[in-house]
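Take a look at the structure set out below.
The values are calculated or read from the model by the stated rules, or taken from the named source; none is laboratory data. As the structure is a computational prediction, the values presented were derived from the model and not from experiment. Every residue, glycine as well, gets a Cβ built from its backbone with ideal geometry; the counts of neighbours run over all protein chains shown. Accessible surface areas use protein heavy atoms only, side chains included; no ligands, DNA or RNA. Shrake-Rupley method; radii C 1.70, N 1.55, O 1.52, S 1.80 Å.
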Amino acid sequence: MSDKSISSVIFDVRNTADGLVPYATACIDLIVPVATEGTGALATAVDKNGNTIETFTSDSDSISLGLCVIVNSGTSGSAELFACDLRDFGVASLVGTTTAGNGKMQKIIELSDGGAVKLTVAKILPYKSESYDGKGLSCDYEVTLTAEQTDRLQMLSLEEDAQYQKALSLMTNS
């Protein structure tokens, strides 16, 4: 084990589309300071009439590390909220390509016959930014991969991955 302490973290949420808002906000809360601007919430779920149906607040202290989040067009939903809020708090930069733009909250309703219905119940509003729903998040550092690299993202070596290399250079120069 090394005696060096951790000074930075790179989060790779490329092609991450699963997850729930409460879990994403619980992770965000571990990283950022208490939300005091805007609505004072990490995220707000707003129904089609503009009524707040749920807020996700923060209550912990922040960590003091250099942070970077790698995203791409496959980054969707709660992963977008995670990336957006870290940038909104000024604790992370985004590297990669524009995200999917899925800022909706869905609810699964079980039916008496054993079936289920998935309904969109709200739009998710991040900490300070406007909704990314339908447009995605643009990156602070736009770095594209070739179509071939994107298709085999899981198999790329770290040396071949230009997005990872950019994030690493940002973290080692911070």
(message) For a test of understanding, tell me how many lysine pairs in the chain have Cα atoms under 26 Å apart, given they are 8 or more places apart or on different chains.
(response) 19
(request) May I ask you to compute the full-extension gain from residue 59 to residue 106, defined as 0.36 nm times their residue separation minus their alpha-carbon distance, rounded to one decimal in nm? (result) 14.4 nm
(request) Note down the relative contact order for the chain as a percent, whole number, built from C-alpha pairs under 8 angstrom at least six residues apart. (result) 24 percent
(request) Could you check how much of the accessible area of the stretch 74-174 is carbon and sulfur, as a whole percent, using a 1.4 Å probe? (result) 49 percent
(request) Normalising by the residue count of the stretch 73-174, find the relative contact order in percent from Cα pairs under 8 Å and 6+ residues apart. (result) 27 percent
(message) If you count only protein heavy atoms with a 1.4 Å probe, what accessible area per residue comes out for the stretch 1-89, rounded to a whole Å²?
(response) 52 Å²
(request) Would you look at the GNM of the chain, springs on alpha carbons closer than 10 Å, and say which of 115, 77, 90 moves the most? (result) 115
(request) Between residue 173 and residue 7, with labels modelled 7 Å along Cα→Cβ, what's the label distance in nm to one decimal, could you check? (result) 1.5 nm
(message) Only four residue types carry charge here, +1 at the Cβ of Lys and Arg and -1 at the Cβ of Asp and Glu. Report the dipole size of the chain about the Cα centre in Debye, rounded to the nearest 20.
(response) 280 debye
